[in-house]
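This report concerns only the one structure given below.
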Amino acid sequence: MWRAAADQPVARILADFLKNPTLGAAQNRLVFCALKTLSSTRINVLIMFLSQNSGSCVQNHFPTASLYIDFDAFFANVEKQLDPSIRARPVGVTALDSEHSALITRCYIAKGAGIKRGMRVSEARAMRRDIVIRVARPDIYVDIHNRIVAEVNRHVPVKKVWSIDEVECALIGDEQQRAADIGRAIEAGLKRNIGPYITPSIGLAPNQFLAKVAAEMDKPNGFVTLRAKDLPGPLFDLKLSDLPGISSGMETRLHKAGIMSVEDFWHISAKHARAIWGNVEGERLWAQLRGHPIEKAPTQRRMFGHSRVLSGEFKDPKRAVDCLRLLTVKAANRLRRENYTAAAMSVSFKTQNKIRWSGETQFSACRDDHSLLGHMHRLYERGMSETRPKRLQSASVMLHKIALPTQRGRDLFEDQNSRNWEKLTDVMDGLNRNAKRAVIHLGPRPKIPGGYAGAKIAFGRVPDAEDFY
């Protein structure tokens with residue numbers, strides 16, 4: 001794994017420092033200068049190299065540098081916080097007001113009764129007659145989320161919002177020695193200023209990976225610290241699937257390699273982990289499990305899009321296109337807010353008899369509603385002519401080949417009309433933004449069942465205020 005022979009003197013300097021971290025100022029300056037010669041990627045590799053060649057000294061000196069907050073049954077608990085009459089009852093949240101709709105979350109009372117996520121409302125009612133079913137209210141959940149982030153920022157800056165109910169804070173300097181006190185202060189602040197029923201589970205650890213693991217170890221309302229010097233002991237009580245990044249498919253692959261537990265995984269080498277995964281992700285997880293501060297490179301935006309499960313009259317292909325229009329406009333608005341253009345689009349749908357259709361088109365880079373709606377309609381009509389469905393089950397639209405305006409190649413055939421539509425779209429966006437609602441738009445904009453088109457709360461994305469216009 002260690003290939004850079006030129007960096008081995010740096011490795012020796014850092015190994016000496018880690019064995020004796022109380023060296024004098026001159027030696028500390030030497031360590032700083034050594035680190036400056038390396039990129040962040042090579043530092044990550046260097047740390048793993050030291051771990052395998054310096055015993056446990058590296059691992060034991062990792063400070064508690066990450067605080068992770070994972071809220072318990074967030075949507076259901078928000079509903080309980082806002083409605084005292086349902087606090088003692090099982091609560092489930094669904095996307096649509098239908099007995100056939102699936103639960104997207106449920107509270108811990110419901111979980112204790114055996115009610116699972118993905119279960120139909122009718123099945124949940126059969127298990128607990130007193131269950132309260134609420135239709136999701138994304139705008140309310142986003143508002144609570146923003147208040148939570150503001151509260152956490154009062155105690156320590158939020159480093160990253162991982163989802164609407166998960167945030168990470170990086171601890172630096174003396175914050176690392178006060179990690180538990182900071183965590184308890186956040187816990188108390190959330191209870192006082194957000195509400196006692198929106199409970200957090202807090203994890204403290206040397207890195208984000210272990211802090212997330214810690215936050216999930218004692219739910220609900222947990223508070224767990226995984227210190228470097230205590231590893232690996234507490235981890236051996238976990239299942240492989242409890243570790244972020246180990247899906248059911250990867251767990252099967254590990255089992256085939258003879259690795260049946262976290263303890264088995266702990267005792268293999270980094271190279272072995274890489275071989276099982278077939279890429280660097282295995283080696284990265286191996287290092288994170290030991291507390292190494294390994295961070296992934298920032299991901300680049302690849303696409304914008306929305307999808308929708310259709311219900312009621314919108315299953316009719318003649319009405320489904322109205323839903324698809326709204327999804328296209330919402331995706332286009334997000335595209336413009338992040339200052340991108342798109343040069344490709346895909347439209348897909350699934351019919352009631354499970355036939356899937358998908359089509360894609362490419363075009364000169366654009367960002368206005370008029371152009372993108374035209375491309376969507378042409379794709380949809382193509383799909384209709386090829387499948388001739390009677391009813392649709394779901395539909396989606398994705399904008400691809402995105403680029404910043406500075407990366408946009410000049411189109412010699414672009415006409416003034418296209419530029420005018422872009423200017424008009426910008427004016428419309430401004431009017432809607434000022435009014436805080438969609439006061440002007442192209443064509444029909446019917447209300448669709450479940451509402452909140454384009455404001456879906458997905459892992460890794462919290463909708464902005466404009467998503468609800």
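Since every read-out is calculated from the coordinates, none of them should be taken as a lab result. A quick note: this is a predicted structure, and the numbers were derived from the prediction, not measured. Here Cβ is always computed from backbone atoms with ideal geometry, including for glycine, and neighbour counts include all displayed protein chains.
Considering only the other residues whose Cβ falls under 11 Å of the Cβ of Glu466, what net charge follows from Lys and Arg at +1 and Asp and Glu at -1? Mind dumping the intermediate values first?
Working: positive: Lys330, Arg334, Arg336, Arg337, Arg433, Lys436, Arg437; negative: Asp429, Asp464, Asp467.
Neighbourhood net charge equals +4.
How would you rank 239-250, 306-317, 148-159, 435-446, highest first, on the average number of other Cβ atoms within 10 Å across their residues?
Descending mean neighbour count gives 306-317, 148-159, 239-250, 435-446.
If eta is 1.567 mPa s and T is 4 °C, what Stokes-Einstein diffusion coefficient results for segment 63-230, Kirkwood Rh from Cα pairs, in µm²/s?
Rounded, D is 78 µm²/s.
Please compare each pair in Lys159/Lys271; Lys318/Lys447; Lys330/Lys354 to a cut-off of 21 Å on the Cα-Cα distance and tell me which ones are over it.
Lys159/Lys271; Lys330/Lys354
When the gyration tensor of segment 304-468 is built from Cα positions, what are the square roots of 5 times its three eigenvalues, in whole Å, from largest to smallest? Don't jump to the answer; show the numbers that get you there.
On the way: eigenvalues 130, 76, 41 Å².
Three semi-axes, in Å: 26, 20, 14.
Rg/Rh for segment 207-323 to two decimals, with Rh computed the Kirkwood way over all alpha-carbon pairs. Intermediate values should be presented prior to the final figure.
Values: Rg = 19.8 Å, Rh = 17.0 Å.
Result: Rg/Rh = 1.16.
Whole-Hz ³J(HN,Hα) for each residue in segment 378-386, computed from phi via Karplus 6.51 cos²θ - 1.76 cosθ + 1.60 with θ = phi - 60°, x for glycine and proline: what do you get?
So the J values, rounded to whole Hz, are 5, 5, 4, 4, 5, x, 5, 5, 7.
I'd like to compare 211-220, 111-120: which one has the highest average count of other Cβ atoms within 10 Å, and what's the full order after that?
Top to bottom by mean Cβ count within 10 Å: 211-220, 111-120.
Measuring from label point to label point, each 7 Å out along Cα→Cβ, what is the Glu386 to Arg154 span in nm?
If labels sit at Glu386 and Arg154, their model points lie 5.5 nm apart.
Net charge near Val91, counting Lys/Arg +1 and Asp/Glu -1 over other residues with Cβ under 12 Å of its Cβ?
Around Val91, the charge tally is +4.
Which of the lysines could a cross-linker bridge to Lys111, judged by Cα under 30 Å and excluding same-chain residues fewer than eight apart?
Lys80, Lys160, Lys191, Lys212, Lys219, Lys239, Lys456
log₁₀ I(q)/I(0) of segment 232-297 at q = 0.27 Å⁻¹, via Debye over equal Cα point scatterers, no solvent, to two decimals?
These q points yield log10 I(q)/I(0) values of -1.43.
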